[in-house]
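Below is one structure; the comments refer to it alone.
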Amino acid sequence: MKKHKILQERRPNLLVGFTAVVCAILAVVVIISGVVVLSVYLAYRPKMPYVTVRDTHLDVLSFDTSGQLGVRITINMEAHNDNTKAAASLSDIGFELQFAQVPIAYLQADPFDVVKNSTYPLPYVVESSTVPLDPPRIDKMDRALKQGKVEFSLRGEARTRWRVGVFLSVRFWTHLDCNLRYFYPNGSSIDLDCTSKSH
Ligand SMILES: *[C@@H]1O[C@H](CO)[C@@H](O)[C@H](O)[C@H]1NC(C)=O
Ligand SMILES: *[C@@H]1O[C@H](CO)[C@@H](O)[C@H](O)[C@H]1NC(C)=O
C-alpha cells in the first residue's frame, strides 16, 4: 500500500524536477544576456540620436483676403548621432508643418543610418498647395503680416535606435514640437530653437 503510493508520487516529482531544471537554465540564460546587454550599454553609454532644424527661411508667402494661404519654406534639418562608438538608425520619419493648427505640408524621409559621431542632412523645400483659412485664422495671419512676424509650427516624430556591433537597442520615439518664426517680408528666421526630444 505504502510503496504504491510512493510510486504514484514520484512521477509528478520527476516532471516537476525536469521543469525546474529547464526553468533554471532559462533563468541563467536570461541573466547572462541581461548582464551582456548591460555591460555593452555601460561600456558605450549610447546617447539618443535626435533631429534638429539647422536653418530655415520663409521663401514665399502668398495670402489674399479670401483666406487662401500658400507658402514655400526652406527647412534644413539634420539627424545627429553624437555617439562615438555606436551607429544610429532612424525610421518612421514624419513631420507636419502647421499654421495655427492647420496642416500646411507634410515632411517625410525614408529610413536611414547615421554613422557614429556624425550628422545626416535632411534638406526640405516645403511647397504648400493653397490652403484655405477660416475667418479667425485670416485675422491671425493679417495681424502677423502687419506686425512683420509670422509663426508656423513643426510637429512630428521619428523612431530611432543605436547599434553596437551585433547589439541593437529597442526603438525609441524622438518627438519634435516647436515654433518656426520668420520676419515678414524678408523671411529670415527668428530665434530658431527646434530640436527633438526622446522620452
Ligand atoms: C567627433 O566629431 C568631432 C567633430 O566632427 C571631432 O572633432 C571629434 O574628434 C570626433 N570624435 C571622435 C571620437 O571621433
Ligand atoms: C529681416 O528683417 C528684420 C526686421 O525688419 C531685420 O531685423 C533682419 O535683419 C532682416 N534680415 C535680413 C537677412 O536682412
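Where a number appears in this text, it was derived from the coordinates with a stated rule and is not lab data. The structure presented is a predicted model; accordingly, all values stated were derived computationally and were not measured. Because the Cβ atoms are built from the backbone with ideal geometry, glycine has one as well, and the counts that use them run over all protein chains shown.
List of remarks:
- Restricting region 162-199 to residues that are in a strand (DSSP E or B) and in contact with a helix residue (DSSP H, G or I) (Cβ under 9 Å, 6 or more places away or on another chain) leaves a set whose member that is farthest from ligand 2 (Cβ to nearest atom) is 167.
- Residues being surrounded by fewer than 20 Cβ atoms within 10 Å (Cβ to Cβ) and over 18 Å from residue 111 (Cα atoms) - total across region 70-96: 6
- Residue match in region 97-108 (condition: of a type in the set (Phe, Trp, Tyr), closer than 16 Å to residue 68 by Cα and crowded, with 17+ Cβ neighbours inside 10 Å): yes
- Of the candidates 159, 181, the single residue that is basic (Lys, Arg), in contact with a strand residue (DSSP E or B) (Cβ under 7 Å, 6 or more places away or on another chain) and more than 23 Å from residue 67 (Cα to Cα) is 159.
- Considering only residues in region 130-153 that are in a loop (DSSP other than H, G, I, E, B) and closer than 17 Å to residue 58 by Cβ, the one that is nearest to ligand 2 (Cβ to nearest atom) turns out to be 148.
- Considering only residues in region 179-194 that are closer than 19 Å to residue 78 by Cα, surrounded by 16 or more Cβ atoms within 10 Å (Cβ to Cβ) and not small (Gly, Ala, Ser), the one that is farthest from the chain's Cα centre (by Cα) turns out to be 181.
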